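Structure first, then comments.
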Amino acid sequence: MARPRLLRRCLLTALSAVLAGSAMVATPAHADSPHVSSSEVSATATFSDTFDGPAGAPVDSTKWRLETGDNVNNHERQYYTSSTRNAALDGQGHLVITARRENPANYQCWYGTCQYTSARLNTSGKFAAQYGHVEARMKIPRGQGMWPAFWMLGNDFGYEPGKVPWPDAGEIDIMENVGYEPSTIHGTIHGPGYSGTGGIGAAYTLPGGRAFADDFHTFAIDWAPDSITWSVDGVVYQRRTPADLGGKKWVFNKPFFLILNLAVGGDWPGDPNGSTQFPAQLVVDSVSVTTSNAPTGRPIRGLAGKCVDVAGANPANGTPVQLYDCNGTAAQQWTFAPDGSLRALGKCLDVKDHGTADGSPVQLWDCSGNPNQKWVLSSGHDIVNPQANKCLDVTENNPANGTRLQIWTCTGGANQKWTVG
């Protein structure tokens, strides 16, 4: 569960008033394979911004709107402005959101005269998504009191008639960081009965004591009906479904819009101190939302009309993947993710021990981005692991429930043919 914090409810009257990628290109099988006729399984980018433009230019106003004002709900210290001093392109393909210790226009905040300025952008009224792969590649700032975030609000959010207030409208925090935890980010959902400090989520910590501010990282969710899966640099660290809510309402099967911001201070991160350096910058390389044109979150049917199945619906690492009667459960709902992986239960279809030999079994494992977790759906209905140049195969052509799946030299046999959906 994410570190406690107060409401992330929208701070601005202005926002309430206006509320009325990396594409997946599947790797072809080796050209010398006579059995695999590969086709690209690509993604449709429903939203993409790579922030190209001259240094000092504002963000694309057809994609983003800038919010202005302060935020009493979280007791943040900044005043969000629409100035390019706080949000501008750097001329090198980045958006730079800059927090400054200044008050050039005598801005007034909830605590008196504002001490800081920064920026918050959203796509409300311009773009909203329902399901898909949502990601941002960013380098976050360091320093006590810094609070960068990439998140989403339900598109029906608002406080005027006909709108849904926070938290009932739903919030998906794809990435939040508080400056006193330089190696850790948080992913959280908020909704009716599980908001603020009761939000449901998890943390991800970089190995080896590395800080997120040292380099760019990709923060993402894979979002499908009744499930949201979080990852950092392709490594999955949590999955949430209605089963995690203890009977409370799941409010995430509808459109949401995107938000990027850099807050200064607040109840969760605490205020800046003498060690905090300004200006502080959140550098955003790209933001994208993609939906695969391969079916997502669907069964994969093969020999005797049976399905690719995670044994016992067990999400533990090393769980066998098998053939079983199709039953519509989550253990048989597979997603072709934009990184080329094939996912179910928040984990990846994995060739055990990085095997490339005929008969290497497949299993469920934490997503790592390694070649033994890459798959191509070919035009010939093969599912191919390009590293081994071999096909997903039903062992010994046996249609019985529980038959283990493996990789094998592609033969064109019925035990290697798969239909998605």
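Figures for the structure shown
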{"item": "Odd one out for Y79 among (1) farther than 16 Å from F278 by Cα; (2) touching a strand residue (DSSP E or B) at 6+ places or on another chain (Cβ under 7 Å); (3) surrounded by 16 or more Cβ atoms within 10 Å (Cβ to Cβ); (4) modelled with pLDDT of 95 or more", "result": "(1)"}
{"item": "Residue check, T184 at pLDDT 95 or above, surrounded by fewer than 24 Cβ atoms within 10 Å (Cβ to Cβ), under 24 Å from H94 (Cα atoms) and hydroxyl-bearing (S, T, Y)", "result": "yes"}
{"item": "For G421: the one exception among (1) touching a Pro at 6+ places or on another chain (Cβ under 7 Å); (2) buried (at least 22 other Cβ atoms within 10 Å of the Cβ)", "result": "(2)"}
{"item": "Residue selected from the stretch 149-181 under the condition assigned to a strand (DSSP E or B) and in contact with an Asp or Glu (Cβ under 6 Å, 6 or more places away or on another chain), by the criterion surrounded by the most Cβ atoms within 10 Å (Cβ to Cβ)", "result": "L153"}
{"item": "In the stretch 243-252, the residues that are surrounded by 14 or more Cβ atoms within 10 Å (Cβ to Cβ) and not aromatic (F, W, Y)", "result": "D244, L245, K248, V251"}
{"item": "Strands (runs of 3 or more DSSP E) (entirely within the stretch 205-268) containing at least 3 residues that are over 14 Å from the mean Cα position of the chain (by Cα) and either modelled with pLDDT under 95 or in the same structural domain as R85 (by TED's automatic domain parsing) (or both)", "result": "256-264"}
{"item": "Filter result for D70 (closer than 16 Å to G145 by Cα and in the same structural domain as G270 (by TED's automatic domain parsing))", "result": "yes"}
{"item": "Residue list for the stretch 288-323, filter: surrounded by fewer than 21 Cβ atoms within 10 Å (Cβ to Cβ), polar (S, T, N, Q) and either at pLDDT 90 or above or not in a strand (DSSP E or B) (or both)", "result": "N293, N314, N317, T319"}
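The values are calculated or read from the model by the stated rules, or taken from the named source; none is laboratory data. Because the structure is predicted, anything quoted here is derived from the model rather than measured. Glycine also receives a Cβ, built like all others from the backbone with ideal geometry; neighbour counts cover every protein chain displayed.
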